[in-house]
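Notes for the one structure printed next.
The values are calculated or read from the model by the stated rules, or taken from the named source; none is laboratory data. All values reported here derive from a predicted model rather than from experimental measurement. Here the Cβ is made from the backbone with ideal geometry for all residues, glycine too, and neighbour counts use every protein chain on show.
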Amino acid sequence: MTAKKHIVVLGAGVIGLSTAVHLLETKRDVYDVTIIADALPSDDRKSGLAHYASLWAGAQHVSFASLEDTLQQQLDRATFKRMWEMSDPSTATSSLFMRLKQTEYYRSVPSDVAQGKAALDFMPDFRYLKEEELADKGAKAGLEFTTVTIDVPTYLAYLLARALALGGRLLRARVMHISQVYSGAFTPTRPVDAVIVCTGLGARSLGGVEDLTVFPIRGQTVLIKAPWVDWGVTLSGSGKHKPGEELLEPPVYVIPRASGEVIIGGAMEPDDYFPLPRAGTTKSILERALKLAPQLVQTPNPTLSDLEALILEEGCGFRPGRRDGIRLEAGKWEDKVVVYNYGHAGQGYQSSWGSAEEAVRLLDAAFA
């Protein structure tokens, strides 16, 4: 029997954990898997973990893919398929998700929507909003469909537990250079055959990778308790959004979770490393959310104070942006195989399983 190859997955965000789980679910007879990360789902959020973006996500499945970006469409559709299956009420994982009606309002009309070819038209119950449904939202176009939201803390914990139950190993460590992994500094009794880099923003500083096109897109959210909210809504930002370019107006979104908690956002601030919530941004988020969705509060004519009374937590995270988009490719570090799977910006959850599948395909091809 051929000995199994030892694969190290660097990073325990949603991309790293999904990749490790997919490896173990589909290739356990070929690969042993070790996850190495310096931040884990069990870490105390109050300790300041802005770089661990997955812990601060909403999260929901709403694809941002353009008609031209066929790779992003592929990743997002594969992920939705998996999440839709996992959220089926008959499954043990259904409590990690919430199926709901999602409404997307656009301040400016995306090109795919303008052409009547919305990239989201594969979603269940998809429809274009009528003009009269847009008037009081400050929107020029809109879509409605059914999707899932993810209860982030429990979902990340589930992914890690799933990886370990399938035979994966976990090591908490801060890796300074990829050579440390290959040299056996963390696994001295088990040589490493390949590394899958899922370090998000950390790819910028990780020795041997040092991808300077990676940059933070600072986000800020407010977590409230509002179990009556069973719908999701987003009003897009305004201004053309390019990597590294701040929107003229940030998006507004409401993302309920199965737990009864609701994430309200947001902010998109490129190249901003301030790791704590800003009071002014919190106030702006609440004001914009209340204007978009006054039904967040169960009282007539709700005020900002009414919404503030529901606050559980304020959060801040650095989305791992990359000026050239997601990096999904295989290469070599000296004579060793390395697969790169990072740069997902604010699209980590909605492209996680698709990215994991592609990373494993690249790994297999590199050893073929």
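Residue check: is LEU55 in contact (Cβ under 8 Å) with a residue 40 or more places away in the chain, over 19 Å from ALA185 (Cα atoms) and not in a loop (DSSP other than H, G, I, E, B)? Walk me through how you get there before you give the answer.
Working: in contact (Cβ under 8 Å) with a residue 40 or more places away in the chain: yes; over 19 Å from ALA185 (Cα atoms): yes; not in a loop (DSSP other than H, G, I, E, B): yes.
For LEU55, the condition - in contact (Cβ under 8 Å) with a residue 40 or more places away in the chain, over 19 Å from ALA185 (Cα atoms) and not in a loop (DSSP other than H, G, I, E, B) - is met.
For segment 267-368, which fully contained helices (runs of 4 or more DSSP H) count at least 3 residues that are among the β-branched types (Val, Ile, Thr), crowded, with 20+ Cβ neighbours inside 10 Å and modelled with pLDDT of 95 or more?
Working: elements: 279-292, 304-308, 352-367.
Qualifying helices (runs of 4 or more DSSP H): 279-292.
If I filter segment 85-143 down to residues being in a loop (DSSP other than H, G, I, E, B) and of a type in the set (Phe, Trp, Tyr), which single residue comes out as farthest from ALA157 (Cα to Cα)?
Within segment 85-143, the first condition is being in a loop (DSSP other than H, G, I, E, B), and the residues that meet it are 87-93, 107-110, 115-126, 129-130, 134, 138-140.
With the extra rule that they be of a type in the set (Phe, Trp, Tyr), the set shrinks to 122, 126.
On the way: PHE122: 29, PHE126: 31 Å.
So, considering only residues that are in a loop (DSSP other than H, G, I, E, B) and of a type in the set (Phe, Trp, Tyr), the one farthest from ALA157 (Cα to Cα) is PHE126.
Which is surrounded by 15 or more Cβ atoms within 10 Å (Cβ to Cβ) and of a type in the set (Lys, Arg), of LYS117, LYS137, LYS130? Let's see the steps before the verdict.
Working: LYS117 fails: surrounded by 15 or more Cβ atoms within 10 Å (Cβ to Cβ); LYS130 fails: surrounded by 15 or more Cβ atoms within 10 Å (Cβ to Cβ).
Testing whether each residue is surrounded by 15 or more Cβ atoms within 10 Å (Cβ to Cβ) and of a type in the set (Lys, Arg) leaves just LYS137.
Give the residue that is nearest to the chain's Cα centre (by Cα), with candidates limited to residues of segment 87-123 that are free of Cβ contacts under 8 Å to residues at least 40 places away in the same chain and over 24 Å from GLU249 (Cβ atoms). Give the derivation first.
Step one: of segment 87-123, the residues free of Cβ contacts under 8 Å to residues at least 40 places away in the same chain are 88-92, 94, 109, 113-114, 116, 118, 121.
In the following step, the residues that additionally are over 24 Å from GLU249 (Cβ atoms) were identified as 88-92, 94, 116, 121.
On the way: ASP88: 21, PRO89: 23, SER90: 25, THR91: 22, ALA92: 22, SER94: 19, GLY116: 27, ASP121: 21 Å.
Here the answer is SER94.
Among the residues of segment 210-229, how many are closer than 15 Å to ILE15 by Cβ and surrounded by 23 or more Cβ atoms within 10 Å (Cβ to Cβ)?
Taking segment 210-229 and keeping what is closer than 15 Å to ILE15 by Cβ, we get 211, 214.
Keeping just the survivors that are surrounded by 23 or more Cβ atoms within 10 Å (Cβ to Cβ) gives 214.
Selection size over segment 210-229: 1.
Residues GLY142, GLY202: which one is surrounded by 14 or more Cβ atoms within 10 Å (Cβ to Cβ), closer than 30 Å to LEU296 by Cα and at pLDDT 95 or above?
Values: GLY202 fails: closer than 30 Å to LEU296 by Cα.
After ruling out the rest, the residue left standing is GLY142.
How about segment 9-49: which of its residues are touching a strand residue (DSSP E or B) at 6+ places or on another chain (Cβ under 9 Å), among the charged types (D, E, K, R) and part of a helix (DSSP H, G or I)?
Scanning segment 9-49 gives LYS27, ARG45, LYS46.
Being touching a Phe, Trp or Tyr at 6+ places or on another chain (Cβ under 9 Å) and among the small types (Gly, Ala, Ser) is true for just one of GLY200, GLY168, GLY184. Which residue is that?
On the way: GLY168 fails: touching a Phe, Trp or Tyr at 6+ places or on another chain (Cβ under 9 Å); GLY184 fails: touching a Phe, Trp or Tyr at 6+ places or on another chain (Cβ under 9 Å).
One residue alone meets the criteria, GLY200.
Taking ASP88, is it of a type outside the set (Val, Ile, Thr), surrounded by fewer than 16 Cβ atoms within 10 Å (Cβ to Cβ), closer than 27 Å to LEU67 by Cβ and modelled with pLDDT of 95 or more?
Working: of a type outside the set (Val, Ile, Thr): yes; surrounded by fewer than 16 Cβ atoms within 10 Å (Cβ to Cβ): yes; closer than 27 Å to LEU67 by Cβ: no; modelled with pLDDT of 95 or more: yes.
In short, no.
Just wondering, is there one or more residues in segment 230-238 that are aliphatic (A, V, I, L, M), surrounded by fewer than 18 Cβ atoms within 10 Å (Cβ to Cβ) and modelled with pLDDT of 95 or more? Even if it seems obvious, please write down each step before you answer.
Of the residues in segment 230-238, the ones aliphatic (A, V, I, L, M) are 233, 235.
Now restrict to residues that are surrounded by fewer than 18 Cβ atoms within 10 Å (Cβ to Cβ): none.
Within segment 230-238, not a single residue is aliphatic (A, V, I, L, M), surrounded by fewer than 18 Cβ atoms within 10 Å (Cβ to Cβ) and modelled with pLDDT of 95 or more.
Of all the residues that make up segment 42-75, how many are more than 30 Å from PHE122 (Cβ to Cβ), surrounded by fewer than 24 Cβ atoms within 10 Å (Cβ to Cβ) and touching a helix residue (DSSP H, G or I) at 6+ places or on another chain (Cβ under 9 Å)? Before the answer, list the steps.
We begin by selecting, within segment 42-75, every residue more than 30 Å from PHE122 (Cβ to Cβ); these are 42-52.
Still in the list and also surrounded by fewer than 24 Cβ atoms within 10 Å (Cβ to Cβ): 42-51.
Next, from what is left, pick out any that are touching a helix residue (DSSP H, G or I) at 6+ places or on another chain (Cβ under 9 Å): 42-43, 45, 49-51.
So the answer is 6.
Residues of segment 182-198 being surrounded by 16 or more Cβ atoms within 10 Å (Cβ to Cβ) and closer than 20 Å to ASP364 by Cβ, which ones?
TYR182, VAL192, ASP193, ALA194, VAL195, ILE196, VAL197, CYS198
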